[in-house]
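Asker: Just passing along the structure, written as structure tokens.
The values are calculated or read from the model by the stated rules, or taken from the named source; none is laboratory data. Treat the numbers as computed from the prediction; the structure is a model and nothing was measured. All Cβ positions, even for glycine, are placed from backbone atoms using ideal geometry, and neighbour counts span all protein chains on display.
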Amino acid sequence: MTALSTLAHSRGDLEYVLHDGDPSLPTIVFLHEGLGSVGQWGRLPSLVGRATGMRVLVYSRHGYGGSAGDGPTGADYLHREALDVLPEVLACLDIDAPILVGHSDGASIAAIHASAHRVRAAVLIAPHVVVEDATRSGIRDTAAHFADRVRPKLAVFHDEPDSLFDRWSGVWLSDEFAAFDLTGLLPDIGAPLLVVQGVHDEYGTPVHADIVAEHASGSVQIRLLEGHGHHPHLHDPEAIAALIADFASLSTSSMKEDEAP
């Protein structure tokens, strides 16, 4: 397993892993879910790296995993991660025009970033484009079972699991966050998108994929997965890695064609 490194960031040090790959190819950047971290991606980053030959960056956001700082604060926290924090991370590691792979909150961050910055492509796994009742209901259910079911799992990966969950769930269940809606920025995304959604996702429905397909300016591929919930990449990492690798390789091929004289 590739060892964790520490990235000095203006808002606090971040833990990250950078898997080796061909520096002439785009770097794939993984953006974790609302309660995720480097370790909670499982085997997916390494599988994708091996399949594509590309460098793969995985990092824990502030207040997640072993990274310093606080977790989510304020209804604009996803925008701040996408427009302030992520660009600084990429600049520090000399990464330009990456392929983004985001899950849940991370998929929303990927979409926001892609609307304002150059990316080669983006994979959105279970993205949140708007706030659904199903999402809030799922979070309330998680909160009801936090002590016995959720906290023990989070404690394996996070230095401050209680504070993290309180901050994250508090934002999502707030009245202010109910107005969260990324529909208006989707036309600014010209890069190719792959949307992956479990049909039985307990935190969202395929409506998000439909909105992305309707409003994004670039090409959009949608994969609705029967038998999968919110974490298809953990239940079948090989299959999801293959989906991502095929999409990333196709995006890289189109890049080379675009740059050909």
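Asker: Small (Gly, Ala, Ser), more than 27 Å from residue 138 (Cβ to Cβ) and surrounded by fewer than 22 Cβ atoms within 10 Å (Cβ to Cβ): is that true of residue 75 in this structure?
Answerer: Working: small (Gly, Ala, Ser): yes; more than 27 Å from residue 138 (Cβ to Cβ): no; surrounded by fewer than 22 Cβ atoms within 10 Å (Cβ to Cβ): yes.
No: the conditions fail for residue 75.
Asker: Can you find, within segment 135-181, the residue that is surrounded by the most Cβ atoms within 10 Å (Cβ to Cβ) among those that are assigned to a helix (DSSP H, G or I) and among the hydroxyl-bearing types (Ser, Thr, Tyr)? Lay out the reasoning, then the answer.
Answerer: The initial filter retains those residues of segment 135-181 that are assigned to a helix (DSSP H, G or I), namely 135-144, 146-154, 161-172, 176-179.
From what is left, the residues that are among the hydroxyl-bearing types (Ser, Thr, Tyr) are 135, 137, 142, 163, 169.
Working: 135: 22, 137: 12, 142: 17, 163: 13, 169: 19.
By that ranking, first place goes to 135.
Asker: Return the total of residues in segment 42-80 being touching a residue at least 24 places away in the same chain (Cβ under 8 Å), farther than 28 Å from residue 247 by Cα and not in a helix (DSSP H, G or I). So that I can check it myself, show each step before the final result.
Answerer: Initial filter on segment 42-80 (touching a residue at least 24 places away in the same chain (Cβ under 8 Å)): 42-49, 51-75, 77-79.
Retained after the next criterion (residues that are farther than 28 Å from residue 247 by Cα): 62-75, 77.
Checking the rest, the ones that are also not in a helix (DSSP H, G or I) come to 62-75.
Residues meeting the conditions: 14.
Asker: Being out of contact with any Asp or Glu (no Cβ under 9 Å at 6 or more places or on another chain), in a loop (DSSP other than H, G, I, E, B), under 26 Å from residue 164 (Cα atoms) and at pLDDT 95 or above is the filter here; which residues of segment 1-41 pass it?
Answerer: Within segment 1-41, 13 is the sole residue that qualifies.
Asker: Let me ask another. Going by the structure shown, is residue 67 of a type outside the set (A, V, I, L, M), within 15 Å of the chain's Cα centre (by Cα) and surrounded by 21 or more Cβ atoms within 10 Å (Cβ to Cβ)? Give the derivation first.
Answerer: On the way: of a type outside the set (A, V, I, L, M): yes; within 15 Å of the chain's Cα centre (by Cα): no; surrounded by 21 or more Cβ atoms within 10 Å (Cβ to Cβ): yes.
When the stated conditions are applied, residue 67 does not pass them.
Asker: Between a first residue in segment 110-126 that is among the β-branched types (Val, Ile, Thr) and a second residue that is crowded, with 24+ Cβ neighbours inside 10 Å and in a loop (DSSP other than H, G, I, E, B), which pairs have beta carbons less than 7 Å apart while being 6 or more apart in sequence or on different chains?
Answerer: 119/98
Asker: While we're on this one: Condition (residue is under 30 Å from residue 249 (Cβ atoms) and in contact with a Ser or Thr (Cβ under 9 Å, 6 or more places away or on another chain)) applied to segment 159-170: is it met by at least one residue? Write out each step before concluding.
Answerer: Residues of segment 159-170 that are under 30 Å from residue 249 (Cβ atoms), as a first pass: none.
Scanning segment 159-170, I find no residue that is under 30 Å from residue 249 (Cβ atoms) and in contact with a Ser or Thr (Cβ under 9 Å, 6 or more places away or on another chain), so the answer is no.
Asker: Taking segment 125-134, which residues are aliphatic (A, V, I, L, M) and surrounded by fewer than 19 Cβ atoms within 10 Å (Cβ to Cβ)?
Answerer: First pass over segment 125-134, keeping only residues aliphatic (A, V, I, L, M): 125-126, 129-131, 134.
130, 131, 134 - these are the residues of segment 125-134 that are aliphatic (A, V, I, L, M) and surrounded by fewer than 19 Cβ atoms within 10 Å (Cβ to Cβ).
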